[in-house]
Amino acid sequence: MAENVIGTDISPPDLRAKITGRARYAEDFRAEGMVFAKLLLSPMPHARVRSVDTSAAEAMEGVLGILRASEMPVQAEGLGEGALTDEPLYEGEPILAVAAVDETIAAAAVEAIRVEFEQLPFVLDPLESLREGGPDARLDGNVGGRGEALTIKWPDSVFDEAGPDRLPMGEPAAEWAIGDVDAAFAEAEVIVEETIVHQSVTHHPMEPRSCMAYWQNGKLFLHGSTQSTERSRGSVARMAGVEADDVVFIGEYCGGGFGSKISGTPNMAIPAVMSRKIGRPVMLRITRYEENYIGRARAGFQGWAKIGLRSDGRMTALDLYLVQDGGPYGRASDFSTAGTVATAIYQPENMRFRGVPVYTNTPPRSAQRAPGGAQIVAMLEPLVDKAARELGVDRLEVRKINAPGHDGWLGENKAPFTSAYVREALDLGGELFNWEEKKQLSGQRNGSKVTGVGMGLSPFTAGSAGRDGLLVIRPDGKLHVHQGIGNLGTHSIADTARPAADVLDLSWDDVVIVWGDTSKHLPFSTVQAGSQTTHAHTRANHAAATAMVGLLQELAAQELGGSPSDYRVADGRVFRASNPAAGMDFAQAARRAMALGGKFSGEQFPEDLNDATKAAVAGLAGEGLIAAARDNYARAGAVFTWVATFAQVELDVETGEVEIVDLASTADCGTVMHPRSLAAQTNGGVFQGIGMAKSQRWVFDPKWGIPFTKRFYTARPPGILDVPRSPRFAAVNQPDPHTPVGAKGIGEPPVGAGEAAYACAVADAMGGLCLCRTPLTSDMILAELEGRPRPYGLLDTHV
Amino acid sequence: MEFLRRALNPWGEDVPIGVSWDLIWAAVIIGAIFVVGHALMVPKKVATGEIDEDEARGLPEKLQRHTPGARGFHWSMSIAMFALLITAFFPVVGIQFPWVTIHWIAGVLLILTVIYHIYHVFAKQDFWTMWIDRRDIAEGKQGLKAALGRPEGKRPRSGKYPVDQKMFHHAAMVVTLGAVVTGVLMMFRIENFLLPMNTYLFSDAAWGWVYVIHGVSGIGLIFLVIAHVYFAIRPEKRWMTWSMINGWIDRDRYLENHDPERWVVPEQGSAAELEASGGGGGQAAVSDRVRGEGP
Amino acid sequence: MAVIRDMIPPFELFQPAGVDDAVRLMEEHGDQGWVLAGGLDTFDWFKDRIKRPSAVIDLGGVDELRGISAGADGGFAIGAMTSLTTVAESADVMSAYPLLATAAVTVATPQIRNQGTLGGNIVQDTRCWYYRSGWPCYRAGGNICYAGTSRSMNREHCIMGASRCVAVNPSDTAPALVALDAEMVVASTSGERTYAATDFFIGPDLDIERMTVIEPGDLLTQIRLPAPWSGARHYFEKVRDRKSWDFSLASVASMLNVEGGVIRDARLVVNGIAPYPVRMGAAEAAVRGREPSDETGQMAGEIAVEGSRALRHNDYKIALTRNLVKRAIRDAA
């Protein structure tokens, strides 16, 4: 019997290469005759290209081609974004690309190009755009609608009534309600309300979105940095104007995505199209500077919330208004997700949600690790603390009172959850952190330092279903798990293969993971977003492994007699349960399958597979014993994970600096697949959230519309010294009953938990005073403590 | 040599940011060439006519040429001007010291003196004293020929102010006003207690031209100051320089250089009275009224 | 002209083996020459193609600029090319000038301290992000300070010492060196000059395009430290947004000569609040003869911030400076 691999620590197959530097990222590849491209970026936050003079650049020796927006298969149309544009909507948006034999020449050529721009009105602050006569970020409107831009302007009276310190709340673009929120407030014991700002932040993955492309016999080969391998092929094909079958996408390693590289990135079109144009492989190395512009960002909110608690601590009313800073393209759905996620924290008996997603001339938004979720958790949790204080209820207790149970519900339609061990997670966290003792430290002063403790509870979506698994036992006797999912650095590339090993009772050493190159015949997968992967692909690989067991049993019965049910699979063999010596090992099974053909070797396959999987199976046919299956396991309800983070901080009242002295997190994320990796993912997310709460900034000059936080050192994501040396973690480890493996995703919920725990702990150190803003930097804290003028207005954003 | 300093503004637009500092040296060199050329080419003493005793009759020994107010203006302006030029250009050429505060305060002093001067001109003096008319042009032509050693008969006598002085005045007025107006605007870009900071009062390009005009004016003043000082110390002009110090000129100088028809000195008072009144003090013995020079 | 960033343009590299060669090369290339020490300031400028010298004079091979040596007067001399790690970990520095060792270890990250030099840390250019963005501000030869307007993002900028430009000095070791009465030795082809640390750093009122007396052709060769005050107390603190890889919002360095429970002499220097490390002379005078107590610290802090003026977003620096000066008296050990 092989040891069960689920729940143990393993070294993922990519680890050694990453640590030793042998891992090759997109930028590390070279192709025969490869040349380099450089981008010309818009110097203005909103403009129109009037004329372009490339003559000097074209005259330079070594310059091979210039690519303009008009040559791109995908243009900036409607709300959509092109890889290049003649109407830049943010400073730094790529206008054109130059290819040259080396980067030095390409850069010099870009510098030699003269572009004449017509300057257009621009806006950085959503509220400014909502004013009558305020500038619009786009020529077709200022608010994101479904498929088209809307124009929403609020009368001056809305702003006048609100004054400078309260969110003006005019006509929203989206609105829903549960129950009667006004009536509930009338009966609430405690009501608190605040205007809250959560800033936009850029993603800053370590690996910028460099990519290299070449064409061979009509096929596009593209090396890129992506979160999702199989699902990137289609988007790259669309960008390049070809069929998905004509794209080979290679991306074995991804130096961080956080939602910014879900399925390919728009800039991948540039080397693809340039390469086709000039007939040479083209490398587009994206610099840190460029990554800051095209690398996506989290949508920010200027919000207002009002909560009402009943005397027993139950949240009876929640009223929420969010003005979203959504960048210039598409329609970031953070604000609407935020409304939904709020219900998964507090299950408010009555709730009203209103929101308006406003366009701004700042770099484009995309999902960022718990999009909408992290923001709303960080915004609301300090408010709940404030209400609990007023009510005299323990802050942990108030979360438990309001947390969903298994009968909990999600969103305006009150969808059920597959499982919700939230109270268990809170209890576990209370123990791990020692909440009862730690909360006694609240407000204690030691010299200039004041202790604060706080916690945050953060839910987020954690799984999808219906994907495909594809397994091959090759004549080497190894189980090859073909993963269409990307290797975005979370270990899910390996961890989701574990159920296959366990179902087949196979040693982990005999499992080979195949990933990172669509020419390697990869099955249909989820996108690696929304923390879906672990849930979805443990299911898919479980399904495929179950199918593989069936095939092995059938093959054995066919070869060795008896019925399939007489056979067992374990330790790389299929054998008679009654006589383990009678059987064959996987290598023999593979060879037999290749000889037998048909359903054993991929010539036949289940009809319900996705076309992409069918093509993959067809491509592999004859190479071994092949099992492919769709995840058809029943599932009812939304899959959610909850993370609770507890923080103890010391606030220096003489400098405003905050040091986190203790940090503990717990999660209800179903069955633990990989303890070490789970703790790393959770703590990493918690740190990311702390960064947003504490130091990470995205500062623009309001006069010029240009950002300054283009480098790590100016953007200030947290460093390892900004968090405690040994953050603790524990998981509830209760299987989700709606999946055979029991696992739920973990990627996203920790972010909001860390962010909220920090914000609540700081507020606690300040005697319960909520400054209601992210990031809450030391200057703001010190100004407040010293009673000096606030560095920024309460609604100021991008500061 | 570039005339302007240019830069790309944050939006990548090519805008002027000021005048090229090379022009400082151009102004100094042109000034030097002018001085040397003039000194070599023009004889130190220009032949003058003889004194007509008839004209001299009844005139005091000393005639007031500059009132104390006018002299006060001239010298305070010159102090401010030197302070401005030194604070403006010494740091540019490498002699460094904290200059900004001195510069703007000197600028404010200059503005005050200019305001006083304008008031003085309109309220106390005749505006037309400085006006250049046809006689000035004729005088200028003859004077130039005389200076070049080709005298055309008798050298003409001027009104109260010779035409070259008038020309200097007008050139100085134009560049000073240019510097003053742009300087006032530039005070919106520095900390001072008179005007609020408003860095973005104008567009980049407009600001650029403000700096260019200020720079051109300043550099123009370098040349004018060189020329002015040069003439002030030339031997045949020293009586005028002295008059800017003590206020008066003697009768012979008056008759020698000035046309009594154009600069009318009423036959009242005497040198004694002038002395009594304080060496050309408040009881002006000489009228600034000018006959027949206005339109 | 379109802008390209993050790509170093070509230049000619010179690698002199001695100071004489270095200064000769510097003179030869004048404005077009650039001195490369640790490269942490340099390569940011080069990468952004904002400073584009044609000749780079790399001091990496000038061994005589490295090392810490005892001087005749009981002091020490530190070569300008000595790495910050070496300074921070030197037993001599730690015992004689713990203030400097403490300051050096707060610089950025271990990697940066390994690469960065003491000289480079002292002469580094300001981190004003308007200036660093290549905007044509005063410091870049233009006619505007983008950071000082009522709309500017100037949380990190000056509360004192501004003159048109409101950028601050970013060095962590500079305030310590001023507090230690260090001297900077500057070489050029015309010989060697020595400056007191207080005179070495200059403000924009004097020259808006430089932060120190160093001019093209000048090379900072050595930092001389006088014999330490015996039994002196010191204090260093750097306040920043992150604990690593961050420049200070404000930093304070103090040296207190305390005898019989009373401050006999003091040096109080604050950086990150002005274009140069500010020696708080009035506060130093005020604390002499007093106990190094909270009250004395409070008084010194109040004196230190007299005359300071906040920009749109940096009023907090006034309170921060006051509090840091207080701590530098009260908590000096």
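The values are calculated or read from the model by the stated rules, or taken from the named source; none is laboratory data. No experiment lies behind these values; they were computed from the predicted model shown. Every residue, glycine as well, gets a Cβ built from its backbone with ideal geometry; the counts of neighbours run over all protein chains shown.
When you look at C:GLY231, is it more than 14 Å from chain A (Cβ to nearest Cβ) and modelled with pLDDT under 95, yes or no?
Spelling it out, C:GLY231 is indeed more than 14 Å from chain A (Cβ to nearest Cβ) and modelled with pLDDT under 95.
Taking the condition of being under 25 Å from A:ARG711 (Cβ atoms) and more than 14 Å from chain A (Cβ to nearest Cβ), how many residues in region C:14-45 meet it? Walk me through it before giving the result.
The initial filter retains those residues of region C:14-45 that are under 25 Å from A:ARG711 (Cβ atoms), namely C:34-45.
Applying the additional criterion that residues be more than 14 Å from chain A (Cβ to nearest Cβ) yields C:34-39, C:42.
Within region C:14-45, residues that are under 25 Å from A:ARG711 (Cβ atoms) and more than 14 Å from chain A (Cβ to nearest Cβ) number 7.
Step by step: first the residues of region A:717-732, then only those that are facing chain C (nearest Cβ under 10 Å) and outside any loop (DSSP other than H, G, I, E, B), then the one that is surrounded by the most Cβ atoms within 10 Å (Cβ to Cβ). Which residue is that?
A:ASP722
Answer yes or no: is there a residue in region C:111-131 that is surrounded by fewer than 18 Cβ atoms within 10 Å (Cβ to Cβ), closer than 21 Å to C:VAL239 by Cβ and of a type in the set (S, T, N, Q).
No, the conditions are met nowhere in region C:111-131.
With the structure loaded, tell me whether A:LEU67 is without any contact (Cβ under 8 Å) to a residue 60 or more places away in the chain and more than 29 Å from the chain's Cα centre (by Cα) or whether it fails that test.
No: the conditions fail for A:LEU67.
Please work out if C:ASP205 is under 20 Å from B:PRO98 (Cα atoms) and either modelled with pLDDT under 95 or not aliphatic (A, V, I, L, M) (or both).
Here the answer is yes, as C:ASP205 does meet what is asked.
Within region A:605-624, can one find any residue that is closer than 18 Å to A:GLY719 by Cα, hydrophobic (A, V, I, L, M, F, W, C) and more than 14 Å from chain C (Cβ to nearest Cβ)? Quick ask: steps written out before the conclusion?
Here is the first cut: in region A:605-624, the residues closer than 18 Å to A:GLY719 by Cα are none.
Scanning region A:605-624, I find no residue that is closer than 18 Å to A:GLY719 by Cα, hydrophobic (A, V, I, L, M, F, W, C) and more than 14 Å from chain C (Cβ to nearest Cβ), so the answer is no.
When you scan region C:286-300, do you find a residue that is of a type outside the set (S, T, N, Q) and under 27 Å from C:LEU206 (Cα atoms), even just one?
Looking only at region C:286-300, we keep the residues that are of a type outside the set (S, T, N, Q), and these are C:286-292, C:294-295, C:297, C:299-300.
Checking the rest, the ones that are also under 27 Å from C:LEU206 (Cα atoms) come to none.
Among the residues of region C:286-300, not one is of a type outside the set (S, T, N, Q) and under 27 Å from C:LEU206 (Cα atoms), which makes the answer no.
If I go through region A:357-398 residue by residue, how many of them are farther than 26 Å from A:ALA462 by Cα, in contact with a helix residue (DSSP H, G or I) (Cβ under 7 Å, 6 or more places away or on another chain) and among the aliphatic types (A, V, I, L, M)?
Summing the residues that are farther than 26 Å from A:ALA462 by Cα, in contact with a helix residue (DSSP H, G or I) (Cβ under 7 Å, 6 or more places away or on another chain) and among the aliphatic types (A, V, I, L, M) in region A:357-398 gives 2.
Name the residue that is surrounded by the most Cβ atoms within 10 Å (Cβ to Cβ), counting only residues in region C:230-248 that are of a type in the set (Ser, Thr, Tyr) and in contact (Cβ under 8 Å) with a residue 24 or more places away in the chain.
Only one residue tops the list, namely C:SER248.
For region A:561-587, give me each residue that is out of contact with any strand residue (DSSP E or B) (no Cβ under 9 Å at 6 or more places or on another chain) and assigned to a helix (DSSP H, G or I).
Correct list: A:PRO564, A:SER565.
Just checking: which of the strands (runs of 3 or more DSSP E) contained wholly in region A:604-700 hold 3 or more residues that are assigned by TED's automatic domain parsing to the domain that holds A:PRO740 and over 25 Å from A:ALA529 (Cβ atoms)?
So the answer is A:640-652, A:658-668.
Out of A:GLY742, A:GLY754, report the one residue that is under 22 Å from the mean Cα position of the chain (by Cα) and within 30 Å of A:THR546 (Cα to Cα).
On the way: A:GLY754 fails: within 30 Å of A:THR546 (Cα to Cα).
After applying the criteria, what remains is A:GLY742.
Would you confirm whether or not region A:697-716 contains a residue that is more than 14 Å from chain C (Cβ to nearest Cβ), surrounded by fewer than 21 Cβ atoms within 10 Å (Cβ to Cβ) and without any contact (Cβ under 8 Å) to a residue 60 or more places away in the chain? Break it down into steps so the answer makes sense when it comes.
Just the residues of region A:697-716 that are more than 14 Å from chain C (Cβ to nearest Cβ), to begin with: none.
So far as region A:697-716 goes, no, none of its residues is more than 14 Å from chain C (Cβ to nearest Cβ), surrounded by fewer than 21 Cβ atoms within 10 Å (Cβ to Cβ) and without any contact (Cβ under 8 Å) to a residue 60 or more places away in the chain.
Out of all the residues in region A:775-782, is one or more within 14 Å of chain C (Cβ to nearest Cβ), free of Cβ contacts under 8 Å to residues at least 12 places away in the same chain and not in a loop (DSSP other than H, G, I, E, B)? Reasoning before the result, please.
As a first pass, look at region A:775-782 and keep what is within 14 Å of chain C (Cβ to nearest Cβ): A:775-782.
Subset that is free of Cβ contacts under 8 Å to residues at least 12 places away in the same chain: none.
No, that holds for no residue.
Assess whether A:ALA240 counts as being within 30 Å of the chain's Cα centre (by Cα), over 30 Å from A:ALA137 (Cα atoms) and surrounded by 16 or more Cβ atoms within 10 Å (Cβ to Cβ).
no
Which condition breaks for A:TYR792 when tested against (1) of a type in the set (Ser, Thr, Tyr); (2) free of Cβ contacts under 8 Å to residues at least 24 places away in the same chain; (3) part of a helix (DSSP H, G or I)?
(3)
Looking at region A:69-102, which of its residues are over 19 Å from A:ARG285 (Cα atoms), charged (D, E, K, R), surrounded by fewer than 18 Cβ atoms within 10 Å (Cβ to Cβ) and in contact with a Gly (Cβ under 8 Å, 6 or more places away or on another chain)?
Once the filter is applied, which keeps residues that are over 19 Å from A:ARG285 (Cα atoms), charged (D, E, K, R), surrounded by fewer than 18 Cβ atoms within 10 Å (Cβ to Cβ) and in contact with a Gly (Cβ under 8 Å, 6 or more places away or on another chain), region A:69-102 yields nothing.
Test C:ALA108 against the criterion of being in a loop (DSSP other than H, G, I, E, B), modelled with pLDDT of 95 or more and farther than 30 Å from A:LEU41 by Cα, and give yes or no.
yes
Please state which one of C:MET211, C:MET184 is touching a helix residue (DSSP H, G or I) at 6+ places or on another chain (Cβ under 8 Å), under 30 Å from A:PHE712 (Cα atoms), modelled with pLDDT of 95 or more and surrounded by 24 or more Cβ atoms within 10 Å (Cβ to Cβ).
On inspection, the qualifying residue turns out to be C:MET211.
Sort out for me the strands (runs of 3 or more DSSP E) sitting completely within region C:164-244 that have 1 or more residues that are touching a Pro at 6+ places or on another chain (Cβ under 7 Å) and more than 30 Å from C:GLY141 (Cα to Cα).
It comes to C:233-239.
Tell me, yes or no, whether region A:235-256 has at least one residue that is within 25 Å of A:PHE712 (Cβ to Cβ), among the hydrophobic types (A, V, I, L, M, F, W, C) and part of a helix (DSSP H, G or I).
Taking every residue of region A:235-256 in turn, none turns out to be within 25 Å of A:PHE712 (Cβ to Cβ), among the hydrophobic types (A, V, I, L, M, F, W, C) and part of a helix (DSSP H, G or I).
Per-residue answers, yes or no, for (1) within 14 Å of chain A (Cβ to nearest Cβ); (2) within 20 Å of C:SER171 (Cβ to Cβ):
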| residue | (1), (2) |
| --- | --- |
| C:PRO275 | no, yes |
| C:MET280 | no, yes |
| C:ALA283 | no, no |
| C:VAL287 | no, no |
| C:MET299 | no, no |
| C:VAL325 | yes, yes |
| C:ILE329 | yes, no |
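Report the residue count in region A:77-121 for those that are farther than 18 Å from C:MET7 by Cβ and free of Cβ contacts under 8 Å to residues at least 60 places away in the same chain.
Summing the residues that are farther than 18 Å from C:MET7 by Cβ and free of Cβ contacts under 8 Å to residues at least 60 places away in the same chain in region A:77-121 gives 5.
This table checks each residue for (1) charged (D, E, K, R); (2) surrounded by fewer than 17 Cβ atoms within 10 Å (Cβ to Cβ); (3) more than 37 Å from the chain's Cα centre (by Cα).
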position: A:LYS520; (1), (2), (3): yes, no, no
position: A:THR534; (1), (2), (3): no, no, no
position: A:ALA543; (1), (2), (3): no, no, no
position: A:ASP566; (1), (2), (3): yes, no, yes
position: A:VAL574; (1), (2), (3): no, no, yes
position: A:ASP585; (1), (2), (3): yes, yes, yes
position: A:ALA589; (1), (2), (3): no, no, yes
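Could you run through region C:3-51 and say how many residues are among the aliphatic types (A, V, I, L, M) and farther than 19 Å from A:GLU111 by Cβ? It would help to see each step written out before you state the result.
Restricting attention to region C:3-51, the residues satisfying the condition of being among the aliphatic types (A, V, I, L, M) are C:3-4, C:7-8, C:13, C:17, C:19, C:22-23, C:25-26, C:35-37, C:40, C:50.
Then drop every residue that is not farther than 19 Å from A:GLU111 by Cβ, which leaves C:13, C:17, C:19, C:22-23, C:25-26, C:35-37, C:40.
Counting residues in region C:3-51 that are among the aliphatic types (A, V, I, L, M) and farther than 19 Å from A:GLU111 by Cβ gives 11.
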